[in-house]
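Below you'll find the structure, written out as structure tokens, and then a few comments.
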């Protein structure tokens with residue numbers, strides 16, 4: 001398992017590749033106070049959403065767990081605990097490459 005920490009503001013997203021060629025998009029929909037709302041778009045187009053308070057975790061599957069570490073200046077600090085086979089990329093980096 002590996003750990004990664006990313007800071008995201010509302011509207012920013014992360015691409016998760018839990019299986020080769022199967023991309024999930026995790027979007028921070030809302031950041032406020034001590035809570036955020038995350039939206040997960042699955043490869044089949046279905047979506048899930050979850051509100052997290054600081055310190056709470058959301059197990060996604062394939063050994064991936066997301067934890068809200070903290071909120072500062074309207075930025076959510078997210079911790080990812082995942083097997084090394086899971087690829088986690090900020091979507092704006094993918095847009096720059098294309």
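Once the chain from residue 72 to residue 25 is taken as fully extended at 0.36 nm per residue, the excess over their C-alpha distance is 14.6 nm. Take every pair of alpha-carbon atoms less than 8 Å apart whose residues are at least six positions apart; their mean separation over the length of the chain yields a relative contact order of 32 percent.
Say we join alpha carbon atoms closer than 10 Å with springs in a Gaussian network model of the chain; which of 82, 29, 56 then has the biggest fluctuation? Largest GNM mean-square fluctuation: 56.
Estimated at 0.36 nm per residue, the fully extended path between residue 39 and residue 65 surpasses their Cα-Cα distance by 7.9 nm.
Average projection, convex hull of the Cα set of the chain: 6.1 square nanometres.
The calculated FRET efficiency for the pair residue 50 and residue 92, based on their C-beta separation and a Förster distance of 25 Å, comes to about 0.65.
Coordinate-derived values only; no laboratory data. Everything numeric here is computed off the predicted structure, so don't read it as measured data. Backbone-built Cβ (ideal geometry, glycine too); neighbour counts: all protein chains shown.
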